Amino acid sequence: ADSYPNIQRGSQFSKLTAEDIAYFESICPIVSTEKGATQDDLESFNTDWMRKYRGQTTLVVKPKTTEDVSNILKYCNERKLAVVPQGGNTGLVGGSVPVFDEIVINMSAMNNVRSFDAVSGILTCDAGVILENADSYLRERGFIFPLDLGAKGSCHVGGNVATNAGGLRLLRYGSLHGTVLGVEAVLPDGTILDDLSLLRKNNTGYDLKQLFIGSEGTIGIITAISIVCPQRPKSQNVALLLVESFEKVQETFVKTKEQLSEILSAFEMMDINSQRLVRQVTGKSHPLKGEAPFYVLIETSGSNAEHDDEKVGALLQNLMEDEIILDGTMAESEAQVRELWTWREGVPEALGHWGGVYKYDVSIPLSELYLLVEDVRAKMSSLGLLSTPENPDNVVVDVVGYGHMGDSNLHLNIPVRGFDKRVEKALEPFVYEWIQKRRGSISAEHGLGVAKSEFVGYSRGPTELAVMQRIKNMFDPNEIMNPYKYIKA
Ligand code: FAD
Ligand code: MLT
Ligand code: ZN
């Protein structure tokens with residue numbers, strides 16, 4: 001494909017025939033050029049959220065049941081037809097769209113809650129349930145989904161599990177490796193693996209579901225999940241703070257943990273560049289009047305509003321008195337809670353405004369978390385690529401850092417006026433080598449997809465990669481599942 005000049009279509013894969021199409025149509029709804037669909041009809045399945053990755057599928061299948069998925073995969077495996085599992089297509093590494101003509105198996109028609117136990121808080125649902133719908137279902141019952149992220153209105157819970165999404169409250173509720181209790185998955189040969197456990201504890205053998213969490217559609221299709229959900233907090237506070245240096249952001253983090261302890265549910269960092277871009281794109285005025293290099297969003301979730309208000313109020317007062325922060329504001333209504341969150345959750349969308357964005361999702365020890373942004377900025381500046389007041393049309397709009405500070409997870413983003421080889425050459429392998437030197441992760445929460453697959457060696461050793469390859473070969477010997485992606489040893 002033109003989009004992927006360095007990747008060859010696997011010669012082992014068959015091409016779709018009219019007979020194949022007829023078979024899939026006998027199983028479930030399909031979208032196919034053979035059946036009159038236009039390229040426009042297929043566009044949203046072929047293109048990712050950032051409009052950076054584009055495939056050329058001519059067929060999308062929409063299974064309604066686990067049996068449908070089983071029949072589809074069994075057939076594809078026998079016919080050596082490559083496939084891409086697709087959830088809400090909000091992934092940020094090009095994993096959810098085809099590279100060439102792989103069949104898209106879109107999970108949106110499998111969208112039912114299967115059961116909920118209000119005593120244990122365990123929810124079991126189809127993989128294609130949209131995260132926000134799962135959370136609304138739980139809200140009505142006094143519970144909350146233990147994962148939240150900006151793409152909640154579109155992403156699927158199955159996609160979340162397949163990417164092991166981290167999100168905004170990992171600090172509080174932990175990783176999906178802990179909260180997901182079970183997975184129902186279909187293996188490439190059509191076998192249905194029923195590991196849909198409702199148990200917190202089960203040490204009888206290998207924990208197979210863990211392999212599917214973060215496997216990005218490379219070893220099977222997740223058709224259902226069970227997950228333990230916490231009680232919905234009765235009281236929620238959000239504060240937005242202005243901080244003059246990254247040292248002070250770290251001090252703020254320490255003080256916040258000390259004073260808020262069990263009620264802290266998010267600690268997010270945004271740099272000034274990210275806030276300026278959101279302001280520019282949305283035209284809104286920022287809730288904090290002055291400007292400073294860093295902004296911190298703190299959220300608490302608890303059960304006693306009076307107690308929580310008091311704690312957050314005291315924290316802000318102490319942070320101001322000790323001159324750790326320059327300013328701060330606390331939401332006073334639910335509407336204000338949402339408004340303050342838009343200054344964090346609105347960052348990814350604002351970044352795409354100028355024509356393209358290079359995204360890095362890294363994890364490194366906290367003390368050096370922001371240094372990466374400064375080093376990349378200096379590099380872009382020295383190469384004359386960064387926009388300045390004198391040269392406002394330079395290709396690099398800005399170098400931006402934000403992320404889940406509470407989890408040592410930085411999002412380094414370089415919004416550009418158009419994808420540009422000079423920028424790419426400056427970024428890679430520079431960023432990966434920088435991370436490797438600090439024994440960090442080149443993919444903290446977004447996964448590998450097609451974007452990061454060739455760089456896994458910067459964060460994983462040859463022995464680890466060899467074992468991963470063996471796992472892949474065992475599940476998917478014909479390599480039909482999401483080819484050209486994930487790990488390239
Ligand atoms: P898709 O994008 O459709 O797929 C992602 C990958 O999973 C693909 O490889 C696909 O093949 C595979 N897959 C999907 N469904 C299945 C299935 N049922 N079985 C097997 N494989 C499957 N991520 C974070 O970790 N934290 C964040 O805070 C965060 N915020 C985001 C904010 C925005 C605005 C956006 C656009 C994305 C964000 N993401 C974040 C990226 C994140 O990976 C996705 O939003 C989400 O987890 C993907 O779910 P999805 O249903 O859209 O999956
Ligand atoms: C976020 O934290 O906002 C997401 O991971 C998305 C992104 O980094 O763009
Ligand atoms: Zn994130």
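Each value in this text was obtained by applying a stated rule to the coordinates, not by laboratory testing. Predicted model, so just to flag it, every value in this text is computed and none were measured. Backbone-built Cβ (ideal geometry, glycine too); neighbour counts: all protein chains shown.
With q set to 0.11, 0.18, 0.25 Å⁻¹, the log10 of I(q)/I(0) for region 354-446, from the Debye formula over equal scatterers at the Cα positions, is -0.29, -0.76, -1.30. Note on region 232-345: Rg/Rh from Cα positions, Kirkwood definition for Rh, rounded to two decimals, is 0.95.
Here's the picture: a label point sits 7 Å out from the Cα of Ser285 along the beta-carbon direction, and within region 334-360 nothing has its amide nitrogen under 12 Å of it. Put simply, the amide H of Tyr358, placed in the peptide plane, has neighbours under 5 Å in Ile414, Val416, leaving out anything fewer than 5 places away on its chain. What the phi angles of region 95-105 give under the Karplus curve with 6.51, -1.76 and 1.60, with θ = phi - 60°, is a coupling list of x, 9, 10, x, 8, 10, 10, 4, 6, 8, 9 Hz, glycine and proline written as x. The calculated FRET efficiency for the pair Ser235 and Met474, based on their C-beta separation and a Förster distance of 45 Å, comes to about 0.40.
Extension gain for Glu323-Val337 works out to 2.6 nm (0.36 nm per residue, less the C-alpha to C-alpha distance). Normalising the average separation of contacting C-alpha pairs (under 8 angstrom, six or more residues apart) by the number of residues puts the relative contact order of region 354-446 at 43 percent. Computed over region 1-232, relative contact order equals 19 percent, with contacts defined as Cα pairs under 8 Å that lie 6+ residues apart. Computed from the Cβ-Cβ distance with R0 of 25 Å, the FRET efficiency linking Asp207 to Ser14 stands at 0.10.
For region 1-120, the alpha-carbon radius of gyration amounts to 1.13 times the rule-of-thumb value 2.2 N^0.38 Å expected for a compact globular protein.
Extending 7 Å from the Cα toward the beta-carbon at both Val254 and Leu371 defines two label points whose distance is 1.8 nm.
Under the criterion of Cα pairs below 8 Å and six or more residues apart, the relative contact order for the chain equals 15 percent. One chain, two ends: Arg141 and Arg422. Fully extended at 0.36 nm per residue, the span grows by 95.9 nm beyond their Cα-Cα distance.
Starting from the Cα of Lys311, draw a straight line to each of the lysines and keep only those under 17 Å, dropping any in the same chain fewer than 8 residues away. By straight Cα distance, Lys311 reaches Lys234, Lys255, Lys257. Report the semi-axes of the equivalent ellipsoid for region 305-420 in whole Å, largest first, where each axis is √(5λ) for an eigenvalue λ of the Cα gyration tensor. With the √(5λ) rule applied to region 305-420, the semi-axes are 33, 17, 14 Å.
Distance from the alpha carbon centroid of region 374-412 to that of region 290-363 works out to 21 angstrom. Specify which residue in the list Ile103, Thr47, Leu170 is farthest towards the positive end of the charge dipole of region 1-232, using unit charges on the beta carbon of Lys, Arg (+1) and Asp, Glu (-1), about the Cα centre. Value: Leu170. Sparse packing (at most 16 other Cβ atoms within 10 Å of the Cβ) combined with a DSSP loop state is found for the following trypsin sites (Lys or Arg not before Pro) in region 131-179: Arg141. Using R0 = 30 Å, the C-beta based FRET efficiency linking Glu132 and Asp309 works out to 0.65. Checking every one of the trypsin sites (Lys or Arg not before Pro) in region 16-76 against DSSP loop status and a limit of 11 other Cβ atoms within 10 Å picks out Arg51. Overall, region 1-89 carries a charge dipole of about 280 debye about its Cα centre when +1 sits on the Cβ of Lys and Arg and -1 on the Cβ of Asp and Glu, all other atoms neutral. Each listed q (0.07, 0.10 Å⁻¹) maps to a log10 I(q)/I(0) for the chain, found by the Debye formula over equal Cα scatterers with no solvent: -0.38, -0.79. The Cα atoms of region 1-232 define a convex hull whose projected area, averaged across directions, is 13.1 nm². Our estimate of slack between Leu199 and Ser261, defined as 0.36 nm per intervening residue step minus the Cα-Cα distance, is 19.5 nm. Distance between the modelled labels on Arg79 and Ala109, one decimal in nanometres: 1.6 nm (7 Å Cα→Cβ projection).
Straight-line reach from Lys485: taking Cα to Cα under 19 Å and skipping same-chain neighbours fewer than 8 places apart, the aspartates and glutamates in range are Asp2, Asp48, Asp101, Glu102, Glu216, Asp361, Glu428, Glu445, Glu454, Glu464, Asp476.
Report summary: the helix-based calculation at 222 nm, which adds -39500 (n - 2.57) for every DSSP H run with n ≥ 4 and divides by the residues of the chain, gives -9500 deg cm²/dmol.
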